[in-house]
Amino acid sequence: MSFLEIKDLNVHYPIRGGILNRVIDYVYAVDGVSMSFEKGKIYGLVGESGSGKSTIGKAIIGLEKSTAGQIFYEGKEVTNRRRNLKESYSRDIQMIFQDATSAMNPRKRIQDVLAEPIRNFLKLTPKEEKKRIIELLEIVGMSEEALLKYPHEFSGGQKQRLGIARAVACNPKLIIADEPVSALDLSVQAQVLNFMKDIQSDFDLSYLFISHDLGVIRHMCDEIAIMYKGRFVEMGTREDIYQHPQHEYTQRLLSAIPAIDPLSRDERKITRQKTEENYRLEEANYYDEQGKVHPLRALTPTHKVALASLNGEVD
């Protein structure tokens, strides 16, 4: 059963122009998307830069105001609600940002950085608070020596681990991870992703994992949504998306994944060429007259795709 549900979410930004500075058009950053989140699952949100995926995460947590649509948390509507420290929603939905450096106050020691959510949401004594902070450091594989240091004294990977520790400080139900490893080198990426996996398993958390890296998404996520121009083009399980992609945008993304085996280079080149040819022949089935993505249609109980027509559509 889902604890968080998004229904027909829209985030539109006005474009102004003319002498009177009137609204002449809109940027449709998010244009009618729906999702639901169950406990203990990892959800992936994939798309190119500017597709609107980060805007969805910010709208859920309250950093962006939605233009239309609804967000329900445990049956109660929380759309555009001002974050109140007394509400469970503010405590249970946390975020890990792409830039761990700017997400921390450079003037505060790590003990105060990690203590901030604890002081906001939990009523602990100073002794209990310090014990909890040390526990958080142990969870992400760091020692007590980090307490009195400042953010600039840590590497990028260490700062991202500290960001994870801060996000799990109050035992949330959902963590929105917005490109959490894209700024790190590959070896550190693997380390941070493994920490996130372990923490998710230990605490039965849910993640909304936002990324443009399909390899990372495949490693991390149970269910995946592919996004393009503010809308979902395809949603399904990991197997649905990677083994049975239906939308041309999904197919193009998958065909662009670099091949490790050099012997498969020619085969993958042929696949990319066929994908491009198919797109040119059937573009009308993928986008409407305005170039917008069609509404999602159910192909199977777990697999949805945005096409004008679909054989074997499930009610």
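Rule-based calculations on the coordinates, nothing more; no lab input. Owing to the predicted nature of the structure, the values given are computational and were not obtained by experimental measurement. Heads up, the Cβs are rebuilt from the backbone with ideal geometry, glycines too, and the neighbour counts pull from every protein chain shown.
Taken as Cα centroids, the range 208-238 and the range 106-133 sit 34 Å apart, rounded to the nearest whole angstrom.
Which helices, counted as full DSSP H runs in the chain, have an axial Cα extent of no less than 24 Å and a Kyte-Doolittle average of -0.5 or above?
What comes out of the filter, once short or polar helices are dropped, is 186-203.
Taking the Cα centre of the chain as origin and assigning +1 to Lys and Arg Cβ atoms and -1 to Asp and Glu Cβ atoms, the resulting dipole is close to 1260 debye.
For the chain, the alpha-carbon radius of gyration amounts to 1.08 times the rule-of-thumb value 2.2 N^0.38 Å expected for a compact globular protein.
Between residue 68 and residue 202, the simple label model (points 7 Å from Cα in the Cβ direction) yields a spacing of 4.5 nm. Only sites in a loop by DSSP and with at most 10 other Cβ atoms within 10 Å count here; which trypsin sites (Lys or Arg not before Pro) in the range 81-165 make the cut? Taking the range 81-165 and a limit of 10 other Cβ atoms within 10 Å, the loop trypsin sites (Lys or Arg not before Pro) found are 82, 86, 107, 123. Assuming charge only on the beta carbon of Lys and Arg (+1) and of Asp and Glu (-1), the dipole of the range 246-315 about its Cα centre is about 240 debye to the nearest 20.
Students often forget the sequence filter, so: which lysines lie under 18 Å Cα-Cα from residue 130 once same-chain residues fewer than 8 apart are removed? Residue 130 reaches 108, 149. How much net charge surrounds residue 26 when only the other residues with a Cβ under 15 Å from the Cβ of residue 26 are counted, with Lys and Arg +1 and Asp and Glu -1? Once all neighbours under 15 Å are counted, the net charge is +3. Near residue 284, within a Cβ-to-Cβ distance under 13 Å, what is the net charge of the other residues, with Lys and Arg +1 and Asp and Glu -1? That sum, taken over residues with Cβ under 13 Å, equals -3.
Using only the Cα atoms, what convex hull volume per residue in Å³ does the range 84-207 have?
Per residue, the Cα convex hull of the range 84-207 comes to 100 Å³.
Cross-link pairs exceeding 24 Å between alpha carbons, from the set 53/269; 197/292; 131/159; 7/123; 65/173: 53/269; 197/292; 7/123. Reported value for the range 238-315: 100 Å³ per residue, from the convex hull of its C-alpha atoms. Compute the Cα gyration tensor for the range 170-263, then decide on rounded, prolate or oblate, letting a ≥ b ≥ c be the square roots of its eigenvalues: rounded whenever a/c is under 1.5, prolate when a/b is larger than b/c in the other cases, and oblate in all that remain. Cα axes put the range 170-263 in the oblate bin.
The modelled label-to-label distance between residue 145 and residue 12, using points 7 Å beyond Cα along the C-beta direction, is 5.6 nm.
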